[in-house]
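Engineer: After the structure tokens below, expect a handful of questions from me.
The values are calculated or read from the model by the stated rules, or taken from the named source; none is laboratory data. Predicted model only: the values in this text are computed from it and were never measured. Neighbour counts run over all protein chains shown; Cβ positions are idealised from the backbone, glycine included.
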Amino acid sequence: MGDWRGIYYDGHTSQQVEVDLAVSEGMLVLTVGAQPLTRHPLEQVTFQTPIGGRGVWRIDLPGGGCCETRQPPPIGLDHDWVAPLERRWPVALAALALTVLLSWAMVAWGIPALADRAARLLPTEVTQGIGDQSLALIDRMLPPTNLPPSRQNHLQQLLDRVATTLAMPPMRLVCRRGGNLGANALALPSGIVVVTDELNTLARSDEELMAVLAHEAGHVQGRHTLRSILQNSAAALFLASLTGDWNGLAALGAALPTALFNAQYSQQFEREADRTSLDFLRREQISPQVFADILGRIEKSGHHGKDPAPFLSTHPPTDERLESFRPLPPATPQSGD
């Protein structure tokens, strides 16, 4: 119990009143001179401690009013132990380091794990709708194919063979001219695989095309597009919650269809898709070298010069990927494959 001085705001006007504060019989009593101003039960009053216990104390009152005082309240508070810790630099630095570590762990492991689970729980209707919207966007961005229907049907048959060998549901193949995309293929969440005319021209055999199609099937099987978008969205939400900057999230929803088209998979996703392609080739007793061959030509057709540093690239280094597809003895066929 004791008295101290502060400034009172009623929460309705900007007027400030100098008051004396006292605690009596479980009540916080505010007086102006000798005249009582207001009184509140302590359990309805919130004391906000300044960092380190030094500075302006804020006392929130019922009804929206508050008091500010530079004198610590002469009563025992449950959080009195916090201020001494905040005044110790080693403790503050340790807390900062722990916060950074936990935030990094959340972004590196927590968010990807949650995104993986969420992507696999999405209903088929949702992924189908996303795929249809993405295809509509691709139709606006890429010109129609010049391939004759017979060639398109043949490419669909190659994709059907990939799906059968990998025990996956049927997938739909769509052909478009690549434009700036060049020789490439895209996997949409709904199981649609887009192949550019340039990739068809670049491939020297059906085996090379199936190696690429199996890679894209790996992206479909792993739901990599959805997981990438969910991870990026969750990471943005997490960082905004830490920094308090929510302005950048307003355009996030509008950007999702474009993100589907421009998605660059993480190195982990690319390695997973590469393993799916390798698994297909070994099941079909096709030399893994065919994927290495077409991957090398795709790289040369897309850009010149060295790959960016591994930690800056979304794809594993090309040499590393090619090494995984050096000729290996074909796997012994197993019953049921």
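Engineer: With respect to the numbered conditions (1) modelled with pLDDT under 80; (2) more than 15 Å from the chain's Cα centre (by Cα), which one is the sole condition not fulfilled by Ala119?
Structural biologist: Going through the list (1) modelled with pLDDT under 80; (2) more than 15 Å from the chain's Cα centre (by Cα), Ala119 breaks only (2).
Engineer: Quick check on Val32: is it closer than 30 Å to Trp89 by Cα, modelled with pLDDT of 85 or more, aliphatic (A, V, I, L, M) and surrounded by fewer than 14 Cβ atoms within 10 Å (Cβ to Cβ)? Walk me through how you get there before you give the answer.
Structural biologist: On the way: closer than 30 Å to Trp89 by Cα: no; modelled with pLDDT of 85 or more: yes; aliphatic (A, V, I, L, M): yes; surrounded by fewer than 14 Cβ atoms within 10 Å (Cβ to Cβ): yes.
No: the conditions fail for Val32.
Engineer: Here's a follow-up. I'd like the full set of residues that are exposed (fewer than 15 other Cβ atoms within 10 Å of the Cβ) and assigned to a strand (DSSP E or B), limited to the range 13-26.
Structural biologist: First pass over the range 13-26, keeping only residues exposed (fewer than 15 other Cβ atoms within 10 Å of the Cβ): 13-18, 24-26.
Listed by number, the residues that qualify are Gln16, Val17, Glu18, Ser24.
Engineer: Going through the range 1-12 one residue at a time, which ones are within 12 Å of Cys67 (Cα to Cα) and assigned to a strand (DSSP E or B)? Spell out how you get there, then give the answer.
Structural biologist: Pass one, the range 1-12, residues within 12 Å of Cys67 (Cα to Cα): 4-11.
Matches in the range 1-12: Trp4, Arg5, Gly6, Ile7, Tyr8, Tyr9.
Engineer: Name every residue in the range 166-181 that is in contact (Cβ under 8 Å) with a residue 12 or more places away in the chain and either surrounded by fewer than 15 Cβ atoms within 10 Å (Cβ to Cβ) or among the basic types (Lys, Arg) (or both), in order of residue number.
Structural biologist: To start, the set of residues in the range 166-181 that are in contact (Cβ under 8 Å) with a residue 12 or more places away in the chain comprises 166, 168-179, 181.
Hits for the range 166-181 are Pro169, Pro170, Arg172, Arg176, Arg177, Gly179.
Engineer: If you don't mind, another one. Please verify whether Phe261 is at pLDDT 85 or above, in contact with a Leu (Cβ under 7 Å, 6 or more places away or on another chain) and more than 22 Å from Met106 (Cα to Cα), treating the condition exactly as stated.
Structural biologist: On the way: at pLDDT 85 or above: no; in contact with a Leu (Cβ under 7 Å, 6 or more places away or on another chain): yes; more than 22 Å from Met106 (Cα to Cα): yes.
No: the conditions fail for Phe261.
Engineer: Looking at (1) at pLDDT 70 or above; (2) more than 25 Å from the chain's Cα centre (by Cα); (3) exposed (fewer than 14 other Cβ atoms within 10 Å of the Cβ), find the lone condition where Asp78 falls short.
Structural biologist: The one condition Asp78 does not meet is (1).
Engineer: Given the condition in contact (Cβ under 8 Å) with a residue 24 or more places away in the chain and in contact with a Pro (Cβ under 7 Å, 6 or more places away or on another chain), answer yes or no: does some residue in the range 157-165 qualify?
Structural biologist: Our first condition is that a residue be in contact (Cβ under 8 Å) with a residue 24 or more places away in the chain; within the range 157-165, this holds for 158-159, 161-163, 165.
Those left that are additionally in contact with a Pro (Cβ under 7 Å, 6 or more places away or on another chain): 163.
Scanning the range 157-165 turns up at least one residue that is in contact (Cβ under 8 Å) with a residue 24 or more places away in the chain and in contact with a Pro (Cβ under 7 Å, 6 or more places away or on another chain).
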